[in-house]
Each structure stands twice: as structure tokens, then as C-alpha cells.
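The values are calculated or read from the model by the stated rules, or taken from the named source; none is laboratory data. Since the structure is predicted, the reported quantities are computational estimates derived from the model, not experimental observations. Methodologically, a virtual Cβ is constructed for each residue, glycine included, from the backbone with ideal geometry; neighbour enumeration extends over all protein chains shown.
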Amino acid sequence: MSAVRSLRKLSRAALLGATSRNALPDALEHVAKVHRAHHPRADLRPLRRAYVLAESSHRGQMRKSGEPYITHPLAVTLLLAQLGAETTTLTASLLHDTVEDTEVTLEQVRAEFGDEVCYLVDGVTKLEKVDYGAAAESETFRKMLLATGNDVRVMSIKLADRLHNMRTLGVMRPEKQARIAKVTADVLIPLAERLGVQALKRELEDLAFAVLQPEEHTRTRELIREHTADPDPLTGIASRVRRMLREAGIGAQVLIRPRHALSVHRLRLKRGDREGLGPCDFGRLLILVQEDADCYAVLGELHTCFAPLVSEFKDFIAVPKFNLYQSLHTAVADEDGQVVEVLVRTRRMHRVAEAGVIALGDPHAAATRPEESTEQPGERRDPTRPGWLSRLLEWQSHAPDADTFWTELRDELAQDREITVYCAVPGPDSPAGEALPLPAGATCVDAAYALLGQAGHRCIGARLNGRLAALTTPLRDGDGLQLFLEAQGTEPSGPSPEWLGHVRTPAARLAIRQWLAASGTSGGDDRERKPEAGAPEADDRARREPVAPAAGEQAAGATESTPVVPGRPDAPVRLARCCTPVPPDAVTGFAVRGGAVTVHRDTCHAVTRMTSAGRTALPVRWERGTAGCRVTLRAEAFGRPRLLADLTETIAAEGAAVVAADVEPPREQRVRHTYTLHLPDASGLPALMRAMRQVPGVYDVTRAVHRAAAN
């Protein structure tokens, strides 16, 4: 009702006009009074000039509600003034419809009020349907978000503009009401949440709730009316808390904060019909203190004098939300079992919680204008480019059309929580570890495209918190992530179509789709199963067939190495297949049937097992021979096309011959290659293993160990 009364006052004042040429117009007095409460030394002359221009330009125009049109920019300006907006924002809000709906031009606004006001007015001015057709609305939002990227005050004005329009939505046709309410719910309300403007968000939610779910809204309002007809038990609990804090010597203001309609509706759905809503569920206690330390002192008193519900405690002071929100949340039960939710914050935190970026003032304010700033020492500045907005501005430039942009925008804004991961890429010229904001549910693939842009196509693997992880692994807040990339200078293997089912960010989704479309790969195909031109047969064939030795080479046997068992010159000596020892490995022998000696590496598990069983270990030494040696190596890698070809080329370049190869089926995009190799000289083994590790996608190369059966 107070909003309706304010609107009527503005309407009457607008019709009466100014009382004096130099005095503030009567219609602007209320706005000026509210503005002075937040900014006592603000210069009101720009506001007066803006009102005079807006009133004369809109004169004769009427809203569908029957009010003079000037009441709309006045109401929008009053909303922003109540939230503490500075003078430039209020000046632009008075003029925000002049360029769109009157003969006033942007050049006139710039000449009279400067570049900042002109930028804000241009940012909220709609694009013409005659130029953009059905895409006008989505392209207008794209334009507005781009402007918000440079100055968040653009979106502040838009949110206040939409709130006043939603308040007067009842004069529209039902179908138009539903369309506007749907856009408000899908786009504007999430933007209000992300910018932290809770005061506007709450009312927008209730107004959209009434239009989109009228039956549920009516039922919820009836529940609230029934509750207010009885004494509120929170009144007594609030009095007890005030007394408790006073006795503890903590200066605090204890308020009862009623839940708004949609909040009550959501809580009712959460509780279910069986449990229902209790008498303390229609509101929460809000405790305001002066200093951060007082918040924790209040928390200690609450948890001492009441029974705390540990599962309900959240510390958003130590870890603020991504929209700057800070507060302590807890829930306590009294001796009668009544559970009360409590919010504890400083007055500064409360101002930011209600007004968000609006409370933080002009993002471009100079240090020489302290009277225009609401910021206290140590406070954060206006987040002109928060992480979610930077991501949005990045991917929107790749949206091919208005429909794609609109769909991806709603998907992006549907993510209501944000996480931060610390991401790095190996290599001297690669991005160093940096904090990377992402929406909750994002995966390693999302991180790759957020950090690297189109270079994310080269991502072939990830290490998460020190352990190898699939690229589709969801990330959690605070994770440490290392990405592995293919080498530069080669055509990237590109993303797998299956990634589309695991990404959460529009930037990643659009980049993957564009790659797949350009390569002619449908979303249901797996690029990694296709052999490329010039590559050997596909990896799945390599799993079944050994690779034959090169022409002129012999298959290697046990005689290729020269282990000698002192005292048994005639005994046949065999190299154990479980550990494939080569010079200069430390080795041990064990006599087997037929008088032969099997030689194992000292580190082989078979040595420990046979020694424990009482078998006699025989000393073995190496004697240099000319026939070379055989070794089995295992390469662990991230699956990609041409991996088999690149590894075999590297092996050949190091002078080794492939006797046999086995490629296991991929698991979570990782693959294991096992090669039995013939080396002309065992001393070349370390260099060979280093070269194999440098092949893109390979993250480890080890000597193969085959575990024998337990018996």
C-alpha cells in the first residue's frame, strides 16, 4: 500500500509542476529527501535538470493505468534512491525512457548531462522492432548486458524499471502479463540475485509468482493471512534474544523479518503437506550489529542459550556468496521445541545484502569524490566485471543467432550458485594457476574453455587435486585443477561429442557445437573412434593384432641378454616375463624345473613371495652382449586420434623395434598402451622412456610388471 500511496503523490505532484524556477519541482522533493538521507552533500542540480527535461518530453503521454507517463521514471528513480543509488544513476533513471519514447536524442543527453549519463540511458534503451523484428527483445538484452559489462548501473536501472512495470502489470492483457512475468522470472530475477539486489528481487519474485501461479499464490497469501490473525511467537523469542544480548553487553538490533510469499511457498513445498508450516516458519529473526566480531559474539550467545541445529549453520561472512552477500545463518530451538531461523550481520552487510551493487556506488568514482561514495575503509568496490558476467560477455559473442543467445542466457542464469577453482596449464608459456569462477556443476571441460577459449579444443586430460581425473568430472569449490594440452603447431584433435552431455557453461557448449559442425561430426558420434588420414589402423584393431617386427629384424628371444649365474655356467637362464629385467637392473635368480634359472628384478613382487616361501635366491650378474635386449613398457595416456602412430614413430626414432603392442579399451577417456620392444642397447632405455613421455597426451611411462597368481 505504501508503494501505491507514493505513486499517487508523484502523480499529483507531476500534474502541479514546479513551485519556483530555481526550486526543486514538487514531484522531485520526495526523491531528493530520500537521496539526501544516503548522500547528504550530493549535488541535486543534475536531478532538477533531468526532471525538467523528462517532464517536458513526456508531457501529454499517459500510461495504460491512466497516470501521467512522468510518474514512471519518477517511481523508478525513487526505488533506486531508497536503495542508496548515487546522483548519476538517479539522473539517468529520470531520463531512461526519453530517447526511446520521445524526441530527445542521445546527443542531447550527452551534451546536457555528460558521457556517463548518456551511456546509462543508451544501455537501457530498447532496440526497435522495425529493425530487429522478432529478435528485438533478445538483442535488446544482449545490448543491455554488454553495457552492464562496463557499468553495472545499467542493469540496476533496468531492474527498478521492471519492478515498477510489474507493479502496474494488471492493466495489461492476460497473455501479455504472462509473457512479461515469464521473462522476468527467467532473466531479470536471476540477474537481480547475481547483482545482490535482494530488495528488488523479493518483490519481483512475488509479482511474477502471482501471475504465473495464481492458484498457488492465492493459497500462500491465505496461509499468511491466517498466520497474521494469531499472535506471532517470534515476538516473544525476539524479546528474549534482545534481553540476552543486552545482558551480554552486545549492542544489537533484533528485528522480525517476515518471509515474502514465494519464500513461504517454497518452504511449504520443502516441508510437504504432512509436516506443514509451523508458527515460526513465516518469518526469521534478523540481528544487526556494528562490527564483524559482534556477529560471532551473537552467534556464541545464541548457541549457548538455545539448542543450535548444526546442519542449518552457514558462515557467509568468512566465505561470501558470489553476489557479495555476507551473513551468518543459523537455526535454534527453544525449550518448547520451536525452531527459529536467525540471520546475523553488520549494518554494512545488511545494506549490501539489500541493495547489492547499488549500495557500492559508482564503479568509476574518483578518490576525490568521497561524498559520492557509500564505501567504508576496506570495503570491496563495485564488481563491474564479476566472474559470471565476464563469462557471459565471452560466450555471447559466439552465439550465432538471437534464439541461441536467448536459450543459452536462460540456461546460464538458471545456475544459481558459483564456485571458484584454481586452474593451471603446464608449460612455460601457458596460463599460470589462477582463480577461475564457474557455475556450480561445471566440469573440467567447462574450465578448459573458460580459461583457454578456443584453445580448449586442445585439452586432452586433467589432474584434479593431484590425481588424474576424467575431463567430465564435476568440480567443487576450491578444487585445484591442472589441464593437459596437445602440443602447439598441430591440428587439435578437438572435443568429443560426449562432452556436450557434461558441460554447464554456454561458452563450452557453443565452442563444442561449432567444432562438431565444422568437422561434420554429429552430436551422437565419437570422434575418437575415427582413424585419421595417414594414421595406422584404428586403435581398436591394434588391441587385437600384434605389431610385426620391421623388415630384417628378428623376433627377440631369451638369448638377447646375457645374465650369468655364478657356479652354474651350463644352466639355461630365462628372463621373467612378469618384470622383464634388462641391464643394469639389480636381479635375482630362482631355480626352476629342468635345471633352468628364472631371473627377476629385485623389486619384483615374485621375489618377495618366493623368498617368503623358502625358495633359495641365486646371485645373477650381467655380462655385456651384442644381441640387444627386450623390454616391456606401459604408456598411460589420454585417448586421442593418432596416439598409436605418434608413439610408434617416437619408439622408432629412438632406435627401438616394436615386437608387439596391445591397446586396452578406453576408460573415461584414458587409454593404456603396452609395448614389447627390442633395444639394441639397454643403456638407451631411459632416453626412450623420456621421449615417450613427451608425446602429447602421454602422462606416464613405466616398466610393465605382470602380477603372478597368488598360488
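Per the conditions (1) in contact with a Lys or Arg (Cβ under 8 Å, 6 or more places away or on another chain); (2) among the charged types (D, E, K, R); (3) farther than 30 Å from Arg45 by Cα, the sole criterion not satisfied by Glu128 is (1). Restricting attention to the range 217-254, report how many residues are loosely packed, with under 13 Cβ neighbours inside 10 Å and part of a loop (DSSP other than H, G, I, E, B). Number satisfying all stated conditions: 5.
Restricting the first member to the range 202-220 and to residues that are assigned by TED's automatic domain parsing to the domain that holds Arg173, and the second to residues that are crowded, with 22+ Cβ neighbours inside 10 Å and polar (S, T, N, Q), the beta-carbon pairs closer than 7 Å and six or more apart or on different chains are Leu204/Thr184; Ala208/Thr184. If you take the residues of the range 473-494 that are outside any strand (DSSP E or B) and modelled with pLDDT of 85 or more, which of them is nearest to Arg640 (Cα to Cα)? Ranking the qualifying residues of the range 473-494, first place goes to Thr473. Which of the residues that make up the range 51-82 are surrounded by fewer than 23 Cβ atoms within 10 Å (Cβ to Cβ) and either touching a strand residue (DSSP E or B) at 6+ places or on another chain (Cβ under 7 Å) or in a loop (DSSP other than H, G, I, E, B) (or both)? Arg59, Gly60, Gln61, Met62, Arg63, Lys64, Ser65, Gly66, Glu67, Pro68, Tyr69, listed by residue number. Scanning the range 622-643 for residues that are surrounded by fewer than 23 Cβ atoms within 10 Å (Cβ to Cβ) and modelled with pLDDT of 85 or more yields a count of 4. Restricting the range 104-130 to residues that are in contact with a Ser or Thr (Cβ under 7 Å, 6 or more places away or on another chain) and assigned to a loop (DSSP other than H, G, I, E, B), the residue that is farthest from Ile358 (Cα to Cα) is Val104.
State which residue is surrounded by the fewest Cβ atoms within 10 Å (Cβ to Cβ) when the search covers only the range 465-480 and only residues that are more than 17 Å from Arg504 (Cα to Cα) and not charged (D, E, K, R). Filtering first and then ranking leaves Gly466. Ala136 - would you say it is farther than 30 Å from Phe405 by Cβ, without any contact (Cβ under 8 Å) to a residue 12 or more places away in the chain and part of a helix (DSSP H, G or I)? No, not satisfied. From the residues in the range 341-388 that are assigned to a loop (DSSP other than H, G, I, E, B) and among the β-branched types (Val, Ile, Thr), which one is modelled with the lowest pLDDT? Among those that are assigned to a loop (DSSP other than H, G, I, E, B) and among the β-branched types (Val, Ile, Thr), it is Thr368.
Here is the figure for the range 131-159: residues that are of a type in the set (Val, Ile, Thr) and either surrounded by fewer than 20 Cβ atoms within 10 Å (Cβ to Cβ) or out of contact with any Ser or Thr (no Cβ under 8 Å at 6 or more places or on another chain) (or both) total 2. All told, Leu677 falls short of being modelled with pLDDT of 85 or more, part of a strand (DSSP E or B) and assigned by TED's automatic domain parsing to the domain that holds Thr562.
Checked against (1) surrounded by 15 or more Cβ atoms within 10 Å (Cβ to Cβ); (2) over 22 Å from Arg703 (Cα atoms), Met610 passes all but condition (2).
Only one of these is over 30 Å from Pro495 (Cβ atoms) and assigned by TED's automatic domain parsing to the domain that holds Arg670: Thr632, Thr603, Thr616, Thr608. Name it. After applying the criteria, what remains is Thr632. If the condition is being out of contact with any helix residue (DSSP H, G or I) (no Cβ under 6 Å at 6 or more places or on another chain), part of a strand (DSSP E or B) and touching a residue at least 60 places away in the same chain (Cβ under 8 Å), then the range 283-340 contributes Leu286, Val339.
The single condition among (1) out of contact with any Ser or Thr (no Cβ under 6 Å at 6 or more places or on another chain); (2) more than 21 Å from Ala318 (Cα to Cα) that Ala261 does not meet is (1). Checking each residue in the range 264-282 for being assigned to a helix (DSSP H, G or I) and either over 19 Å from Leu234 (Cβ atoms) or of a type in the set (D, E, K, R) (or both) picks out His265, Arg266, Arg268, Leu269, Lys270, Arg271, Gly272, Asp273, Arg274, Glu275.
Just one of the listed residues (Leu188, Leu234) is over 22 Å from Cys280 (Cβ atoms) and not aromatic (Phe, Trp, Tyr), namely Leu188. Checked against the criterion of being modelled with pLDDT of 90 or more and assigned by TED's automatic domain parsing to the domain that holds Arg45, the range 128-139 contains not a single residue that satisfies it.
Taken together, the criteria exclude Thr598 from residues that are at pLDDT 80 or above, outside any strand (DSSP E or B), out of contact with any Asp or Glu (no Cβ under 7 Å at 6 or more places or on another chain) and outside the structural domain of His678 (by TED's automatic domain parsing).
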